[in-house]
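The values are calculated or read from the model by the stated rules, or taken from the named source; none is laboratory data. Quick caveat, the model's predicted, so the values are computed rather than measured. Because the Cβ atoms are built from the backbone with ideal geometry, glycine has one as well, and the counts that use them run over all protein chains shown. Protein only, heavy atoms only, side chains kept; ligands, DNA and RNA dropped before computing areas. Shrake-Rupley method; radii C 1.70, N 1.55, O 1.52, S 1.80 Å.
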Amino acid sequence: MKPPTRPHGGPADLSAPGPSVRDPSFRRSLALFRAFLHEQDDPEACYSLLARDAVDQVESYDGPVAGRTVLDVGGGGGYFTGEFRRRGANAFLFEPDLAELGEKPPDSAVVADGYLLPVRDGAADVTFSSNVLEHVADPETFLSELARVTRPGGLIYVSFTNWLSPWGGHEWAPWHYFGADRARARYLRRTGRPAKHTLGENLFAVHIGSTLRQVRARDDVTVVSARSRYWPFLAEAVVKAPGIREFATWNLLLILRRCPT
């Protein structure tokens, strides 16, 4: 029998090993923020920390992942897949971009588009997607595919950086508030190299309000939680405030449960 779903607020082990840190909490948010500041010069530390935190979140809602089948969709270099495997899950990485996989992708990594995963219906106990939704042109189709490959009663973890958050423009944030073209031009002048992301090509303006309406209208999933992924307090409350949430949430985390068929 699987453990019952628990609300967020469980421990988040950000040190591994070390004392647990509550989610949400200022200590946790500060640790993640400090890691993000060094994303470019120390990606290993940054994404390893983020992976531990994300898997802690999965387990806080759905119990231990050991022995479960986990699909990591769009997981890049495999940090999340690696952490799931470290905890005993049968985790598989699906990534469409060879460049994102890096030089040493996890064993059994599959180059595959999130719109059409080479997986049978209901294969996964947990389907996981971290910061991918803002990079797909058709979020509704992407979410449908995540639901398809998740077994009835299974968990779907989806997070994304909303466009109007301070980090919505990614590497050229927060200048995206003044227009994407202007922000990219500024990035080129400042760094001497073109920005990785281009609005309308590999980055899209995804908003919290429209995404919530879309997900809540679906008949194949139920929303367990809609919260800020990184916010140190009132993580669910901030998402309930129209207008404000588009700026203050930073990153929306959706915990979904696949409906029985």
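Counting the residues of region 53-78 that are open to solvent by 10 Å² or more (accessible area, probe 1.4 Å), among the charged types (D, E, K, R) and touching a strand residue (DSSP E or B) at 6+ places or on another chain (Cβ under 8 Å) gives 2. Remark: pairs (first residue in region 31-42, free of Cβ contacts under 8 Å to residues at least 24 places away in the same chain and of a type in the set (A, V, I, L, M, F, W, C); second residue surrounded by fewer than 12 Cβ atoms within 10 Å (Cβ to Cβ) and assigned to a helix (DSSP H, G or I); Cβ separation under 8 Å; 6+ apart in sequence or on different chains) are absent.
Can you confirm whether Thr127 is buried (at least 17 other Cβ atoms within 10 Å of the Cβ), in contact with a Phe, Trp or Tyr (Cβ under 9 Å, 6 or more places away or on another chain) and of a type in the set (Ser, Thr, Tyr)? Judged against the criteria, Thr127 is a match. Counting the residues of region 205-240 that are of a type outside the set (S, T, N, Q), closer than 21 Å to Leu146 by Cβ and open to solvent by less than 40 Å² (accessible area, probe 1.4 Å) gives 11.
Taking region 164-186 as the range and being surrounded by fewer than 22 Cβ atoms within 10 Å (Cβ to Cβ), under 30 Å from Asp62 (Cβ atoms) and without any contact (Cβ under 8 Å) to a residue 60 or more places away in the chain as the test, only His170 passes. Number of residues in region 187-199 that are closer than 17 Å to Val132 by Cβ and open to solvent by 50 Å² or more (accessible area, probe 1.4 Å) equals 2.
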